[in-house]
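Read through the structure below, which is laid out as structure tokens, and then see the notes.
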Amino acid sequence: MTWRAPEINRTKEQTNGDERASLESWLDYHRQTLLLKCAGLTAEQLKTPSVEPSGLTLLGLVRHMADVERWWFRIRAAGQDLPGIYESDEDPDADLNAVADADAEADFATFAAEVEAAREAAADLSLDDTFRRPRRDGTAETRNVRWVYLHMIEEYARHNGHADLIRERIDGVTGD
């Protein structure tokens, strides 16, 4: 039997809640939206690139967001000493680039595990907790956990727009 990306029942975002609950609700909504864009597709369909010259794929986006979840919540905000998931010295963007031989089912499991680990890492952090983020130029910026939530919502929203177009190209399915 051919593996297919699981169906997803996306929960509606909260419309009345405190700041933390609202941020978590919107982030979960966008996490689920990415999975909704992939639902029902085979591994090969998930590896179908958007349009030339781009090689962007739905599977690449799932892999990328697993890495981003790890990077911002676990490595940066919680200070956990972890490597990236897919990157290598030869290809720092392997999450997006190296999908031809990727195992889609395993990558979806990795995404789910990273989302859960990100939730756990953030659970004991205040939105006002800060961390230092080194920059390429040798300087560092101070950011807080609130910024991480806002950035993650923005990151998913942007990539969900990409996912919408890729999905439409694959089988004509559109939607929010």
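The values are calculated or read from the model by the stated rules, or taken from the named source; none is laboratory data. None of the values given here were measured: they were computed from a predicted structure. For neighbour counting, all protein chains shown are included, and Cβ atoms are generated from backbone atoms with ideal geometry for every residue, glycine included. For the accessible areas, the whole protein counts, side chains as well, though only heavy atoms, and no ligand, DNA or RNA atoms are used. Shrake-Rupley method; radii C 1.70, N 1.55, O 1.52, S 1.80 Å.
Comparison of GLY84, GLY79, GLY40 shows that the only residue that is within 15 Å of ALA118 (Cβ to Cβ), touching a strand residue (DSSP E or B) at 6+ places or on another chain (Cβ under 8 Å) and not in a helix (DSSP H, G or I) is GLY79.
Residues are listed down the side, and each one gets a yes or a no for (1) closer than 21 Å to ARG20 by Cβ; (2) at pLDDT 95 or above:
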| site | (1), (2) |
| --- | --- |
| GLU90 | no, no |
| PHE108 | no, yes |
| ALA117 | yes, yes |
| GLU120 | yes, yes |
| ALA157 | yes, yes |
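To keep it simple, each residue is scored yes or no on (1) within 23 Å of VAL173 (Cα to Cα); (2) buried (at least 18 other Cβ atoms within 10 Å of the Cβ); (3) basic (Lys, Arg).
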site	(1), (2), (3)
LEU23	no, yes, no
GLU44	yes, no, no
LEU61	yes, yes, no
HIS64	yes, yes, no
VAL68	no, yes, no
ALA77	no, yes, no
ILE85	no, yes, no
GLU90	no, no, no
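For beta carbons closer than 6 Å, sequence separation of 6+ or different chains, a first residue in segment 140-161 that is within 13 Å of ALA122 (Cα to Cα) and a second that is open to solvent by 50 Å² or more (accessible area, probe 1.4 Å) and not β-branched (Val, Ile, Thr), the qualifying pairs are ASN144/ASP128; VAL145/ASP129.
Restricting attention to segment 68-107, the residues that are farther than 21 Å from THR42 by Cα and in contact (Cβ under 8 Å) with a residue 40 or more places away in the chain add up to 11.
Residue-by-condition table, conditions (1) part of a loop (DSSP other than H, G, I, E, B); (2) of a type outside the set (Asp, Glu); (3) surrounded by fewer than 15 Cβ atoms within 10 Å (Cβ to Cβ):
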position: VAL99; (1), (2), (3): yes, yes, no
position: ALA109; (1), (2), (3): no, yes, yes
position: ALA118; (1), (2), (3): no, yes, no
position: ALA122; (1), (2), (3): no, yes, no
position: LEU125; (1), (2), (3): yes, yes, no
position: PHE131; (1), (2), (3): no, yes, no
position: ASP137; (1), (2), (3): yes, no, yes
position: HIS162; (1), (2), (3): no, yes, no
position: ILE170; (1), (2), (3): no, yes, no
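Here is the figure for segment 1-21: residues that are open to solvent by 70 Å² or more (accessible area, probe 1.4 Å) and farther than 18 Å from SER126 by Cα total 11. Out of segment 147-160, which residues are buried (at least 17 other Cβ atoms within 10 Å of the Cβ) and among the charged types (D, E, K, R)? Passing the criteria: only GLU155.
The combined condition, being outside any helix (DSSP H, G or I) and closer than 11 Å to ARG167 by Cα, is fulfilled by SER50. Figure legend. Inter-residue proximity from segment 38-59: first residues without any contact (Cβ under 8 Å) to a residue 12 or more places away in the chain and on the phi > 0 side of the Ramachandran plot, second residues exposed (fewer than 14 other Cβ atoms within 10 Å of the Cβ) and not in a helix (DSSP H, G or I), beta-carbon distance below 9 Å, spacing 6+ or different chains. No pairs are indicated.
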